[in-house]
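Okay, structure first, notes after.
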Amino acid sequence: MKLIGRNDPGRGSKSVAGAADTEAWAQSDETAAALPAQRTSGLTVPRTDAGFGPDSLVRVSAREFAPAAGSYGPPPATEPDRDSFETALAAREQAALESRHRQAADQGDPNAASQLGALLLRRGDLADAEPYLRTAAAAGLRAAANNLGVLLHQRGHRAEAAQWWRHAAVAGSAPAAHALGLQLRDQGEEEAAEYWLHFAAEHGHPLGAYALGDLMEHRRDVRAERWFKVSADAGHREAAYRLARMREAAGDKETAETWYRTAAARSHARAGLRLGVLLEERNDLDEAARWYRQAAQNGEPRAACALGFLLRDAGDLTSAAEWWQEAAEAGDGNAANALGALHAGRGEAVDAERWYRAALEAGDQNGAFNLGLLCAGAGREAQAEQWYRRAAYAGHREACNALAVVLLQRGDESGAEPWFSKAAEAGSVDGAFNLGVLHAGRGEQQQAHEWYARAAAEGHGEAALQLAVALEQRGQLTGALERYRQAAAGSSAEGSFRLASLLDRRGDADEEAEHWYAVAADAGHRRSQVRMGVRAAERGALEIAESWYRRAAEAGSRSAAFNLGLLLARQDEEAEAMVWYTRAADAGHGRAALRLALLALRRGEPVQAENWCRRAADYGPPEVTERASRLLGALHAELSA
């Protein structure tokens with residue numbers, strides 16, 4: 001999350017000009033207002049960030065003065081003839097007005113000089129405006145003094161501009177106080193700046209209220225919120241956004257949402273983005289998408305990226321890719337990574353690499369990490385390591401972990417350990433788990449368990465499993481159960497199986513035990529699948545039992561293959577039963593080999609029976625070895641007779 005602090009430059013520069021360059025502000029407040037006592041000591045460190053300051057006035061073109069202050073011309077028409085006529089009429093009226101003001105000003109009318117100077121200032125004719133504004137300002141008209149300050153500031157005469165703004169502000173001009181406050185702030189004179197900005201804000205100047213709030217927030221003054229609210233209530237969208245951010249940071253999401261809505265309704269792009277995030281967090285996805293879309297259309301690439309993810313989750317990959325591409329082309333690295341992942345998932349490695357590189361160029365180190373994954377998937381191990389290393393040196397925690405794994409796999413344990421440590425310290429759950437594995441491999445159980453505990457606390461199921469096994473081995477069954485539950489909740493199939501087994505042995509939670517067997521079995525855990533088959537067979541649900549046995553046997557479980565053979569034999573399907581007995585015996589299952597020996601004897605095949613007997617004796621377990629040995633002895637006696 002980026003820090004709050006920078007203002008909206010596009011809105012700010014125009015608004016300041018409009019506030020300071022027009023008599024309309026000054027004419028309504030000619031009565032001098034009482035000034036508060038000014039503080040001149042205790043100046044703070046100068047600010048370096050851009051804001052609503054007189055510097056922004058320098059960048060306001062003549063063309064921008066009119067829309068900021070109010071155009072003298074007619075509204076645009078849709079018909080060309082009418083537009084041409086009304087434009088010409090407005091030009092004649094403007095010329096007539098300027099002529100009247102000029103004639104009166106030349107005859108010594110200071111009010112006319114002030115009006116003419118403002119008109120020329122809006123038009124950008126600074127050289128012609130200056131003498132008229134000087135005349136009116138010298139006559140004591142504060143509107144003229146204010147506008148003269150604007151003119152001088154645009155010409156780069158900042159010191160003299162400040163003098164005229166001060167004259168106007170002392171006479172009660174809120175716009176002049178605002179402009180003076182901004183200039184003082186930009187010079188680092190924050191105490192004096194606060195004085196004049198406070199004066200402007202107290203006299204109803206919304207930009208003054210905003211600038212005062214901005215200054216106070218910079219100084220961590222709790223009064224900032226009040227002035228942002230004053231400015232926001234007057235229609236300042238950036239103030240509404242800043243107020244919303246403050247409320248969100250304070251945990252008041254309800255009020256934050258209200259102000260985000262206010263700013264977003266005024267086309268504030270970042271407010272639309274944040275509003276979308278809040279709505280998405282509470283699963284109001286349709287409305288979140290609407291605000292993301294508006295923010296994206298107002299130029300916020302992160303909103304376009306977020307909209308892409310919403311569309312992806314809704315199954316509309318085509319539209320998602322379009323928004324991601326728009327965001328990526330605007331420099332959003334997250335969107336570029338998303339496009340890369342989309343192409344990688346389709347097997348389009350060239351396009352995936354292109355977007356991952358675009359993400360990296362945008363400053364997103366996920367791009368380097370993803371390039372590493374892409375190269376590793378293609379068997380380009382050396383290149384993968386280079387990309388992992390680049391991302392790791394940039395602080396990418398999962399890249400640190402991936403690089404450590406690569407180093408460990410080629411036997412460089414001393415090189416891997418610091419990267420595992422860096423990953424774990426940066427918050428990588430996998431890094432913490434792998435560091436635990438590294439210590440466990442050295443017999444350093446205490447250190448291993450410390451890292452397992454750290455990973456388990458973040459939801460790492462396999463780390464919780466390691467802790468649970470250790471507790472069970474020490475006979476601490478209550479603690480083991482708790483850790484097994486944590487492992488199961490962390491999607492560890494082995495954790496679910498061991499939890500079910502422990503509950504099964506305890507004998508007081510049969511229903512819960514079956515639940516966890518089923519969870520593990522559905523995740524492909526073969527021993528759980530066998531256990532589910534056994535339970536189903538015990539209650540007579542033979543079709544269900546057969547289904548579980550088949551799943552496990554086809555995945556390579558020799559016990560499941562043997563049990564499936566037994567089940568089929570009971571159903572008089574001897575031919576298929578023989579297939580599964582043989583598969584189990586070939587995988588080293590002693591009982592299956594003994595069963596095949598007995599079946600061979602029934603068929604009158606003593607040599608085949610002897611071969612299976614020998615294998616059963618070798619495979620075990622002990623009771624099978626004993627029975628196979630007795631049978632083998634009997635076979636020898638019969639064959640030698």
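Points to keep in mind about this one:
- Test for residue 192: is it part of a helix (DSSP H, G or I), surrounded by 21 or more Cβ atoms within 10 Å (Cβ to Cβ) and not polar (S, T, N, Q): no
- Unmet criterion (only one of (1) within 60 Å of the chain's Cα centre (by Cα); (2) buried (at least 21 other Cβ atoms within 10 Å of the Cβ); (3) not polar (S, T, N, Q)) for residue 615: (2)
- Qualifying positions in the range 211-238 - surrounded by fewer than 22 Cβ atoms within 10 Å (Cβ to Cβ), aliphatic (A, V, I, L, M) and over 22 Å from residue 265 (Cβ atoms): 216, 222, 224
- Residue that is most open to solvent (accessible area, probe 1.4 Å), among those in the range 390-448 that are within 31 Å of the chain's Cα centre (by Cα) and hydroxyl-bearing (Ser, Thr, Tyr): 393
- Among the residues of this structure, residue 254 counts as one that is closer than 30 Å to residue 226 by Cα and at pLDDT 95 or above.
- Conditions (1) modelled with pLDDT of 80 or more; (2) open to solvent by 40 Å² or more (accessible area, probe 1.4 Å); (3) hydrophobic (A, V, I, L, M, F, W, C); (4) under 26 Å from residue 197 (Cβ atoms): number failed by residue 138: (4)
- In this entry, residue 98 is excluded by the filter for residues that are open to solvent by 20 Å² or more (accessible area, probe 1.4 Å), in contact with a helix residue (DSSP H, G or I) (Cβ under 9 Å, 6 or more places away or on another chain), under 30 Å from residue 218 (Cα atoms) and of a type in the set (Asp, Glu).
- Pair list, Cβ < 8 Å and 6+ apart or interchain, from the range 604-616 residues that are under 7 Å from residue 635 (Cβ atoms) to residues that are open to solvent by 30 Å² or more (accessible area, probe 1.4 Å) and aromatic (Phe, Trp, Tyr): none
- Tally, over the range 293-310, of residues that are buried (at least 20 other Cβ atoms within 10 Å of the Cβ), within 14 Å of residue 335 (Cα to Cα) and not basic (Lys, Arg): 10
- Test: residue 372 is buried (at least 23 other Cβ atoms within 10 Å of the Cβ), of a type in the set (Gly, Ala, Ser) and more than 19 Å from the chain's Cα centre (by Cα): yes
- Within the range 85-127, the set of residues being within 55 Å of the chain's Cα centre (by Cα), part of a helix (DSSP H, G or I) and under 27 Å from residue 156 (Cα atoms) comprises 114, 115, 116, 117, 118, 119, 120, 121, 122, 123, 126, 127.
- Subset tally (residues that are hydrophobic (A, V, I, L, M, F, W, C) and either within 12 Å of residue 428 (Cα to Cα) or open to solvent by 20 Å² or more (accessible area, probe 1.4 Å) (or both)) for the range 455-466: 3
- Candidates in the range 261-275 are the residues that are in contact with an Asp or Glu (Cβ under 8 Å, 6 or more places away or on another chain) and assigned to a helix (DSSP H, G or I); of these, the one that is surrounded by the most Cβ atoms within 10 Å (Cβ to Cβ) is 275.
- Test result for residue 155, over 46 Å from the mean Cα position of the chain (by Cα) and either over 25 Å from residue 91 (Cα atoms) or open to solvent by less than 10 Å² (accessible area, probe 1.4 Å) (or both): no
- Tally, over the range 115-134, of residues that are closer than 11 Å to residue 98 by Cα and touching a residue at least 60 places away in the same chain (Cβ under 8 Å): 2
- Residue match in the range 314-337 (condition: without any contact (Cβ under 8 Å) to a residue 60 or more places away in the chain, within 20 Å of residue 277 (Cβ to Cβ), of a type outside the set (A, V, I, L, M) and open to solvent by 80 Å² or more (accessible area, probe 1.4 Å)): yes
- Qualifying residue in the range 423-435 (condition: more than 22 Å from residue 399 (Cβ to Cβ) and assigned to a loop (DSSP other than H, G, I, E, B)): no
- Test: residue in the range 519-535 that is open to solvent by 10 Å² or more (accessible area, probe 1.4 Å), in a loop (DSSP other than H, G, I, E, B) and among the charged types (D, E, K, R): no
- Every residue from the range 394-414 that is farther than 21 Å from residue 360 by Cβ and either outside any helix (DSSP H, G or I) or modelled with pLDDT under 95 (or both): 408, 409, 410, 411, 412, 413, 414
- Considering each residue of the range 341-356 in turn, none proves to be in a loop (DSSP other than H, G, I, E, B) and open to solvent by less than 50 Å² (accessible area, probe 1.4 Å).
- Qualifying residue in the range 247-256 (condition: in contact with a Pro (Cβ under 7 Å, 6 or more places away or on another chain) and surrounded by fewer than 24 Cβ atoms within 10 Å (Cβ to Cβ)): no
- Of all residues in the range 352-410, exactly one satisfies the criterion of being touching a Ser or Thr at 6+ places or on another chain (Cβ under 8 Å) and among the polar types (S, T, N, Q), namely 401.
- The single residue among 472, 494 that is surrounded by 15 or more Cβ atoms within 10 Å (Cβ to Cβ) and touching an Asp or Glu at 6+ places or on another chain (Cβ under 9 Å) turns out to be 494.
- Which numbered condition residue 465 fails, given (1) assigned to a helix (DSSP H, G or I); (2) farther than 24 Å from residue 515 by Cα; (3) not aromatic (Phe, Trp, Tyr): (2)
- Residue within the range 544-554 that is touching a His at 6+ places or on another chain (Cβ under 9 Å), touching a residue at least 12 places away in the same chain (Cβ under 8 Å), of a type in the set (Ser, Thr, Tyr) and not in a loop (DSSP other than H, G, I, E, B) present: no
The values are calculated or read from the model by the stated rules, or taken from the named source; none is laboratory data. As the structure is a prediction and not an experimental result, all values here were calculated from the model. Neighbour counts run over all protein chains shown; Cβ positions are idealised from the backbone, glycine included. These area figures cover heavy atoms from the full protein model, side chains too; ligands, DNA and RNA do not enter into them. Shrake-Rupley method; radii C 1.70, N 1.55, O 1.52, S 1.80 Å.
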